[in-house]
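What follows is a single structure, written as C-alpha cells, with notes after it.
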Amino acid sequence: MSAAVAAPQLALVSRGTERWLSAEEAMTRTGWSAFWLREQVKRGRVTSRDSQTIAPNGRPLREYLESSLPDTPSAAPQTQLTVVGPPPSALGPLFSGLSAASERIVLSDSKAQLQAEQRLAIIQPLLDYSANAERFTQLRLADGRSVTSLERMIEYAAGTAGQSTRTIKRWIAAYRTIGFAGLADRIRIDKGQSRWFSRNYNASILAAYLYLNERQSVSFVHEQLGYEAETLGLDINDLPSRETVRVFLSQSISPAMKALAREGQREYRLRMAPYVRRGYVDVFANQIWVGDHAIHDVEISNDLFEEVPFGTPGRLRMSAFVDYRSRKAWATWAWEGSSRSIAATVVRAMLEDGPPEGIYVDNGKDYKKVAKGAIKASDLPESKDDDTKAPEKWWERECEAIEKTGLLARLGISVTHCIPRHPQSKHVERFFRTMHMHFDARHSTYTSGSPFTRPEATENAMMRHRWLLKAGRVAESNHPLASRFILGCLTWLDEYNNTPQHGEGMDGCTPNQIFDAERNPNQKSVPERSAIALLLLDYVVRKVRECAITLNKYRYTPRPEDRLAWAAMHEANECDVRVGFNSGDPEYVVVTDMDGRFLAWLEAEPLLRFAPNDKITQAQIGESMSIRRGLEKATKASLSAIAVEARRNGARTAEESLYSRLLIPTTTGDIITQRKPRVESTSEPENQLVPGEAADRLAARLRRK
C-alpha cells in the first residue's frame, strides 16, 4: 500500500456515474441524524461537496456522494470500496475511547460552564415563550415585524445574539435533549488519540503488538516503526517522533490491557478484575475465621528455633486467623509455615475465645492437610471407644487419626477454600498489609518485601550481620532477636485488637468491642483440653520440679487463675511426665502422665521485673505467694482430713497401737538395773563447813599433792 489512509478507511478506487444526494435524502437512505452525517464527513467516511443551492443564510448547501454511503442499492457496478483493516470495535480496549456520539452530562471545567451559562441566557426567553407569549408581542424584528410566533422569536434571539437561527435551534434541541451540559461545545472527536496513528492503522497495530504482547519499551517500538516503514507502506519522511509513540501507547491503550499484557494475570486480577463484596454484618463474631500465612518484611536473628542454627538471619512466617465480623486477629510464628503452625494458631485462639463454626482458608497444601475431612459439626459421627486396643496406646491412635482426618474435622469445624490466586476473597490480606505498614516498617532491618525497594541501611545491616556470624561474633549484631520480635508483634497485635476501626460494620469500635457485642449466640464451648492436647504432636519426657517443667530453655507453669492445673502439677512434683508442644508456638505446652492422661496446660513463665515499688510487680509477687500458700494450705488440709477420717474410723496412733499390744509386768524389780542413789544425812550440824573452811581444806590438799 503506497499511501496511508484513515482507519477504517473507505478508498474510492474508481468513479463512474456519480450521483449526489441532498442532506435529507442521505439521512433518509442511511437512517442517520444530521449530526451523525456531518461526523461521518469529518472522519472521511462519506464524501461531500458544496451544491449549487444557496441556503437562507447565504451559504451553499452540502450534497453527498451516494456511492460513499453504506448499504447503497443504486451504487454503480464499477464502483468498488476497499476496507483497510478491521473496524476499531474489533480491537476491544485498544480503541475503546468515548464514542463521538456520546455527550457530556456534567461540565467539569469553568470555561465550558461559562459558555453554557451564556447560551442558556440567550435561549431562556425562547423557553419562556410557550408559557406566556403575550410578554414578547412588543418585540420587533429588524424589518419591523412583531414577534407573533416562536419562529419569529427565534429570529429575534438570533439577531440579538449575532447567531444564525439554525444555531439557536440546535442549542434549544440540545438543552431539551441533554440538559444544561448540552449547551457547551462537544468534546473533540480525536481527543486523546494520535492523528498519525489514526491515519496509519497497520502501524498502530504493530506498535500495540510490540508494546503489549512483546512487552517492549517505547524506544524499541519507535525504532521498529522505522525499520518496518517500507513493509507498512509508510513515508520515510512522515514517521512519528518518539513522543508521538509514547502518547499513543499511554493514552490509546487502556490500563487494564497494559496490566494484563505487561504485568501478568495476577496483577491484572488484583487491580482490574471486578469482584463481589461480601457483607460483614450478616454474620456473628466468632462464627467465621479467615486464615492465611504471611512473611514479615523484617530480617531477624534466630535465638528461638532449635532446628535452625543460632544467629541465622531470616524472616519469620506468621500464621494468622482473623474473625470475619469483628476483625479480631490471632497469630503464631514459625521459621517455616506448616500445618503445625496452623494447628498452633487454632489452639491459641480456641483457648482464648472458643472455636468458630467454620473457617475460610487458602488452597495451600498445609491448609488442605489441616482441613482434610472437615465437615459441619452437626454431621460429625459420634465417637466410640475402641476396646480392642491397649488403653495405654490410645494417644498414639488419636495422633494417627489426626494425621489421617485433619484436626478441623475432629473439632467439628467446617472449612471453605477460597478461589485460587484470588486475594480479594480473603480479607485477612488487609490485616497483613496493616501489619507490614504499622509494625514491620518500624524496624531498622525493614526489607520492604522487595530487593528493589530495600533501604540501604538494611542492606548494610544484613551484610554486617553475616560477617559477624561468620566471625563467631553474632552477639555484636544489631539484628532483632526472634524472641524479642515475636513479643513485640504480640504487643502490637493487642494494640490492633483494641484500636477503633472505621471499615464496614465497625462504626469506630475496636475489634474486641465488636467481638464481645456481636458474639455468636450459638457459640460452641471450648473443647476438652485433653482433646486439644492431641493437636500438639511432639512429645518429650520431662521431670516436674517446683510445679514447673523446663523445655527448650523455657520454664512452663500453669496460668495463675488455673488452680486445678497448679494442683495437678503440685502432685506431679519430682515425677516424669510427657510434654506435648508445637515448635512453631513455644508459648503453650500440654502435660500428660506417662500413660497419656491429661494433667494440665502450661504457658511460658513470664519473667518478673526488678521493680520493688511497681504495683504490677507487687501484684504478681502477691499472686505467686497466694498460689504458694494455697497449695501448702491445701496439702495441710488434706493431711488433716486424712487424720480426722482415720480417727473417726477407729485408727490409733503408732504409740497407741504399740502400748496396746505390749504386756507391762506389775513388778519391775527383775528388769530394772539402775542403782539406787545414796542418801546422805544432813542432821549433824558439825559436819557442815562454812565457805572459808572449805577453801582452806582444798588448798592444803593441793599442796600435799
* Restricting the search to the range 286-330, which residues are hydrophobic (A, V, I, L, M, F, W, C) and touching a Lys or Arg at 6+ places or on another chain (Cβ under 8 Å)? -> ILE288, VAL290, ALA294, ILE295, VAL298, ILE300, VAL322, TRP330
* To do: Evaluate the following for ILE168: is it part of a loop (DSSP other than H, G, I, E, B), buried (at least 19 other Cβ atoms within 10 Å of the Cβ) and at pLDDT below 90?
  => no
* **Residue among ALA471, ALA461, ALA475, ALA441 that alone is closer than 30 Å to VAL290 by Cβ and either hydroxyl-bearing (Ser, Thr, Tyr) or at pLDDT below 95 (or both)** => ALA441
* Counting only residues that are without any contact (Cβ under 8 Å) to a residue 24 or more places away in the chain and on the phi > 0 side of the Ramachandran plot, how many does the range 124-179 have? -> 2
* Asked: Is the range 560-570 home to any residue that is modelled with pLDDT of 80 or more and exposed (fewer than 14 other Cβ atoms within 10 Å of the Cβ)?
  -> yes
* To do: Please tell me if LEU468 is surrounded by 14 or more Cβ atoms within 10 Å (Cβ to Cβ) and in the same structural domain as GLU306 (by TED's automatic domain parsing).
  => yes
* Asked: Of the residues LEU602, LEU608, which single one is modelled with pLDDT under 65 and surrounded by 10 or more Cβ atoms within 10 Å (Cβ to Cβ)?
  -> LEU608
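Confirm whether ALA441 is assigned to a helix (DSSP H, G or I), over 18 Å from ALA349 (Cα atoms) and under 17 Å from the mean Cα position of the chain (by Cα).
In short, yes.
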* Is the range 241-259 home to any residue that is touching a helix residue (DSSP H, G or I) at 6+ places or on another chain (Cβ under 7 Å), at pLDDT below 90 and under 30 Å from TYR360 (Cβ atoms)? -> yes
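To keep it simple, each residue is scored yes or no on (1) modelled with pLDDT of 85 or more; (2) of a type in the set (A, V, I, L, M, F, W, C); (3) not in a loop (DSSP other than H, G, I, E, B).
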{"position": "LEU114", "(1), (2), (3)": "yes, yes, yes"}
{"position": "LEU120", "(1), (2), (3)": "yes, yes, yes"}
{"position": "ASP128", "(1), (2), (3)": "no, no, yes"}
{"position": "ALA131", "(1), (2), (3)": "no, yes, no"}
{"position": "GLN138", "(1), (2), (3)": "no, no, no"}
{"position": "ASP143", "(1), (2), (3)": "no, no, no"}
{"position": "GLN163", "(1), (2), (3)": "yes, no, no"}
* Structure fact -> Of the residues in the range 446-465 that are among the hydroxyl-bearing types (Ser, Thr, Tyr) and surrounded by fewer than 17 Cβ atoms within 10 Å (Cβ to Cβ), the one that is farthest from GLY311 (Cα to Cα) is THR453
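Each row is one residue, and each column tells you yes or no for (1) within 21 Å of the chain's Cα centre (by Cα); (2) closer than 30 Å to LEU469 by Cβ; (3) assigned to a loop (DSSP other than H, G, I, E, B).
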residue	(1), (2), (3)
LEU210	no, no, no
GLU243	no, no, no
SER250	no, no, no
ILE253	no, no, yes
ALA259	no, no, no
TYR268	yes, no, no
VAL281	yes, no, yes
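Just name the residue that is modelled with the lowest pLDDT out of those in the range 507-526 that are in a loop (DSSP other than H, G, I, E, B) and hydrophobic (A, V, I, L, M, F, W, C).
The extreme case among them is VAL526.
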* Structure fact -> Only one of (1) buried (at least 17 other Cβ atoms within 10 Å of the Cβ); (2) within 28 Å of ASN302 (Cα to Cα); (3) of a type in the set (A, V, I, L, M, F, W, C) does not apply to CYS547, and that is (2)
* To do: Taking the residues in the range 19-41 that are among the small types (Gly, Ala, Ser) and on the phi < 0 side of the Ramachandran plot as candidates, determine which candidate is surrounded by the most Cβ atoms within 10 Å (Cβ to Cβ).
  => ALA26
* To do: Return yes when ARG454 is among the charged types (D, E, K, R) and in a loop (DSSP other than H, G, I, E, B) and no when it is not.
  => yes
* To do: May I ask you to list pairs of residues, at least six apart or on different chains, whose Cβ atoms are under 9 Å apart, with the first in the range 337-354 being under 19 Å from TYR539 (Cβ atoms) and of a type in the set (Asp, Glu) and the second being modelled with pLDDT of 75 or more and surrounded by fewer than 23 Cβ atoms within 10 Å (Cβ to Cβ)?
  => none
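From the list ASN478, ASN522, ASN512, exactly one residue is in the same structural domain as GLU307 (by TED's automatic domain parsing) and loosely packed, with under 12 Cβ neighbours inside 10 Å. Which is it? It would help to see each step written out before you state the result.
On the way: ASN522 fails: in the same structural domain as GLU307 (by TED's automatic domain parsing); ASN512 fails: loosely packed, with under 12 Cβ neighbours inside 10 Å.
Exactly one residue qualifies, and that residue is ASN478.
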* Asked: How many of the residues in the range 193-205 are crowded, with 17+ Cβ neighbours inside 10 Å and part of a helix (DSSP H, G or I)?
  -> 9
* Tally, over the range 151-189, of residues that are over 14 Å from ILE122 (Cα atoms) and of a type in the set (A, V, I, L, M, F, W, C) -> 4
* Kindly check whether there is at least one residue in the range 488-499 that is outside any helix (DSSP H, G or I) and either outside the structural domain of HIS296 (by TED's automatic domain parsing) or at pLDDT 90 or above (or both). => yes
* **Conditions (1) under 25 Å from TYR324 (Cβ atoms); (2) touching a helix residue (DSSP H, G or I) at 6+ places or on another chain (Cβ under 7 Å); number of the one not met by HIS479** => (1)
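The values are calculated or read from the model by the stated rules, or taken from the named source; none is laboratory data. Worth saying up front: this structure is predicted, and the values here are computed from it rather than measured. Neighbour counts are summed over all protein chains in view; Cβ atoms, including those assigned to glycine, are modelled from backbone coordinates with ideal geometry.
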